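Trainee: Quick one: the structure is below, and I'll ask about it shortly.
The values are calculated or read from the model by the stated rules, or taken from the named source; none is laboratory data. These figures come from a predicted structure and were not determined experimentally. When we count neighbours, we look across all protein chains shown, and the Cβ atoms used for this are built from the backbone with ideal geometry, even at glycine.
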Amino acid sequence: MSATPSFDLTGKIAIVTGASRGIGAEIAKLLAAHGAHTLVSSRRVADCQLVVDEIIASGGSAEAVACHIGELEQIEALYAHVESKHGRLDILVNNAATNPYFGPILDTDPGIFQKTVDVNIRGYFYMSTHGARLMQRNGAGSIVNVASVNGVVPGFQQGIYSITKAAVISMTKAFAVECAEVGVRCNALLPGLTDTKFASVLVNTPAILKQALAHVPMRRVAQPSEMAGAALYLASDASSYTTGAVLNVDGGYLCV
Ligand SMILES: NC(=O)c1ccc[n+]([C@@H]2O[C@H](COP(=O)([O-])OP(=O)(O)OC[C@H]3O[C@@H](n4cnc5c(N)ncnc54)[C@H](OP(=O)(O)O)[C@@H]3O)[C@@H](O)[C@H]2O)c1
């Protein structure tokens, strides 16, 4: 093994879910910039195609693939496509998630509960089982789960979302332990407050933002591109001895 850490992804096939915008789009662009053929996926394939066009214009390689990760048959279809077209998978970034409810935990609607669990837990889980089976064939692969600081410290009135993100951290360790012997690593990335559509209510409401930033030592929100370097590190051989790790990218939020 080279003494120089390798961030080179030439020849690798990567899937990034929720890659039509925000954190996922930045991760997809950076993986492609380092040589991976990147499957840019979300529910709206036309939006993914815009990211693909940008990647290709920059000299990278990518394709857009629709997949609602809350629907098991769509996960099956995505992997049927990957298997028939590429026959391999090297990197999976589980990034797409949902947070449909801000409100008292005691009033959580059963439908909202189920939707959040289906996307944020079941979606990540079956994307990972399918992905790890493909990676196992080559004896190598890396799964990166985008969780959240709310998986460690629950967000106020974001109960079920926070619970699912805690489950993603646990899932990361469970896959790390069981998949190490087949060469598949699994790590979690925990973003803090990041300026995306997902967090727009928090970021664009001055009173809420001020309150949130009081708990962030760096006193600012992250840009989505600031998550991508951590994802590249975990996806690449630069992190070859790292599995089951939880990497906070949160401006110091979880330190205080
Ligand atoms: N922003 C933050 O402050 C923050 C903080 C901590 C953690 N995170 C985590 O970071 C990840 C990305 O969030 P973001 O802030 O980048 O959000 P975002 O800008 O709203 O992007 C979300 C992406 O996920 C896709 N998506 C949503 N539901 C989906 C589903 N059921 N199946 C497939 N794709 C789906 C969306 O595209 P379509 O609409 O086309 O499906 C979009 O590409 C999430 O896991 C989130 O929990 C975000």
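Trainee: Scanning the range 25-54 for residues that are in a loop (DSSP other than H, G, I, E, B) and either among the hydrophobic types (A, V, I, L, M, F, W, C) or closer than 21 Å to S128 by Cβ (or both), which turns out nearest to the ligand (Cβ to nearest atom)? Quick ask: steps written out before the conclusion?
Mentor: First pass over the range 25-54, keeping only residues in a loop (DSSP other than H, G, I, E, B): 34-36, 43-44.
Imposing the further condition that a residue be either among the hydrophobic types (A, V, I, L, M, F, W, C) or closer than 21 Å to S128 by Cβ (or both) reduces the set to 36, 43.
Numbers: A36: 18, R43: 3 Å.
Per the stated criteria, the residue is R43.
Trainee: Next up: Of the residues V246, V201, which is aliphatic (A, V, I, L, M) and within 11 Å of the ligand (Cβ to nearest atom)? Walk me through it before giving the result.
Mentor: Values: V246 fails: within 11 Å of the ligand (Cβ to nearest atom).
Step by step, each of V246, V201 is checked, and only V201 is aliphatic (A, V, I, L, M) and within 11 Å of the ligand (Cβ to nearest atom).
Trainee: Follow-up question, since we're still on this one. Among residues belonging to the range 240-256 that are among the aliphatic types (A, V, I, L, M) and part of a loop (DSSP other than H, G, I, E, B), point out the one that is nearest to G183 (Cα to Cα). I'd like the intermediate steps shown before the answer.
Mentor: First, pick out the residues of the range 240-256 that are among the aliphatic types (A, V, I, L, M): 245-247, 249, 254, 256.
Cutting the leftovers down to part of a loop (DSSP other than H, G, I, E, B) gives us 245, 256.
Values: A245: 15, V256: 35 Å.
Top of the filtered list is A245.
Conditions tested, residue by residue: (1) touching a residue at least 24 places away in the same chain (Cβ under 8 Å); (2) surrounded by fewer than 22 Cβ atoms within 10 Å (Cβ to Cβ); (3) in contact with a Leu (Cβ under 8 Å, 6 or more places away or on another chain); (4) under 25 Å from E26 (Cβ atoms).
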| residue | (1), (2), (3), (4) |
| --- | --- |
| G70 | yes, yes, no, yes |
| Q74 | no, yes, no, yes |
| Y79 | yes, yes, yes, yes |
| D90 | yes, no, yes, yes |
| N99 | yes, yes, no, yes |
| I105 | yes, yes, no, no |
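Trainee: Just one of the numbered conditions (1) hydrophobic (A, V, I, L, M, F, W, C); (2) over 23 Å from V201 (Cβ atoms); (3) surrounded by 22 or more Cβ atoms within 10 Å (Cβ to Cβ) is not true of A25; which one?
Mentor: (2)
Trainee: Scan the range 13-24 for residues that are more than 6 Å from the ligand (Cβ to nearest atom) and either closer than 17 Å to G59 by Cβ or basic (K, R) (or both) and report the count.
Mentor: Number of matching residues: 1.
Trainee: Can you tell me which residue within the range 160-190, out of those that are touching a Cys at 6+ places or on another chain (Cβ under 8 Å) and part of a strand (DSSP E or B), is surrounded by the fewest Cβ atoms within 10 Å (Cβ to Cβ)?
Mentor: Filtering the range 160-190 for residues that are touching a Cys at 6+ places or on another chain (Cβ under 8 Å) and part of a strand (DSSP E or B), the one surrounded by the fewest Cβ atoms within 10 Å (Cβ to Cβ) comes out as R185.
Trainee: Of the residues P224, P217, which is modelled with pLDDT of 95 or more and farther than 25 Å from L92 by Cβ? Reasoning before the result, please.
Mentor: Values: P224 fails: farther than 25 Å from L92 by Cβ.
Being modelled with pLDDT of 95 or more and farther than 25 Å from L92 by Cβ holds for just one of P224, P217, which is P217.
Trainee: Hey, can you tell me all the residues within the range 181-212 that are without any contact (Cβ under 8 Å) to a residue 12 or more places away in the chain, over 30 Å from A140 (Cα atoms) and of a type outside the set (V, I, T)?
Mentor: The first filter runs over the range 181-212 and keeps only residues without any contact (Cβ under 8 Å) to a residue 12 or more places away in the chain, leaving 181, 200, 202, 204-208, 210-211.
Subsequent filtering for residues that are over 30 Å from A140 (Cα atoms) retains 200, 202, 204-208, 210-211.
Matches in the range 181-212: S200, L202, N204, P206, A207, K210, Q211.
Trainee: Okay, moving on. How many of the residues making up the range 191-239 are part of a helix (DSSP H, G or I) and under 23 Å from the mean Cα position of the chain (by Cα)? It would help to see each step written out before you state the result.
Mentor: Taking the range 191-239 and keeping what is part of a helix (DSSP H, G or I), we get 197-203, 206-213, 225-235, 237-239.
Right, trim to under 23 Å from the mean Cα position of the chain (by Cα) and you get 197-203, 212, 225-235, 237-239.
Selection size over the range 191-239: 22.
Trainee: I would also like to ask the following. Any residue at all in the range 148-158 that is closer than 30 Å to R88 by Cβ and either away from the ligand (no atom under 12 Å from the Cβ) or over 14 Å from the mean Cα position of the chain (by Cα) (or both)?
Mentor: no
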